[in-house]
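The structure appears below as structure tokens.
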Amino acid sequence: MANDSMQNNLITMDEIAATLQLTKASVRSLSRRKHDPLPLLKLGHRTLRAEKADFDAWVKRQQKADHSLG
């Protein structure tokens, strides 16, 4: 049951890429940057996901940073 709950809180690379309007390669690049990387979880050998709450918080931080520049 707890595993089902965790699965419901995870979003896929396809969902992340679509939300950010980026390629999956660009999403992976954002996860490797030094300052405030996109928080991805590695599940197994090749599967990447993000916790929805962590992703939403990351997006808000990026929007806030963009607004402070302009």
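Observations, loosely collected:
- Computed accessible area, R33, all protein chains, 1.4 angstrom probe, square angstrom: 80 Å²
- Each Lys and Arg Cβ is given +1 and each Asp and Glu Cβ -1; about its Cα centre, segment 17-68 then shows a dipole of about 240 debye.
- Modelled FRET efficiency - R0 25 Å, D14 with K64, Cβ distances, 0.05 increments: 0.45
- Given charges at Cβ of Lys, Arg, Asp, Glu: the chain dipole, positive-most of V27, N9, F55: V27
- Mean ellipticity per residue at 222 nm, deg cm²/dmol - from DSSP H runs of n ≥ 4 across the chain, formula -39500 (n - 2.57): -18000 deg cm²/dmol
- Set of aspartates and glutamates near K42 by C-alpha distance (under 14 Å), chain-local residues within fewer than 8 positions excluded: E51
- Debye intensity ratio in log₁₀ form over the Cα atoms of the chain, taken at each q of 0.19, 0.28, 0.29 Å⁻¹: -0.78, -1.41, -1.46
The values are calculated or read from the model by the stated rules, or taken from the named source; none is laboratory data. As the structure is a prediction and not an experimental result, all values here were calculated from the model. So basically every Cβ, Gly included, is an ideal-geometry build from the backbone, and we count neighbours across all protein chains shown. The protein model used for the area step is the full one, side chains on, heavy atoms only, and it has no ligands, DNA or RNA in it. Shrake-Rupley method; radii C 1.70, N 1.55, O 1.52, S 1.80 Å.
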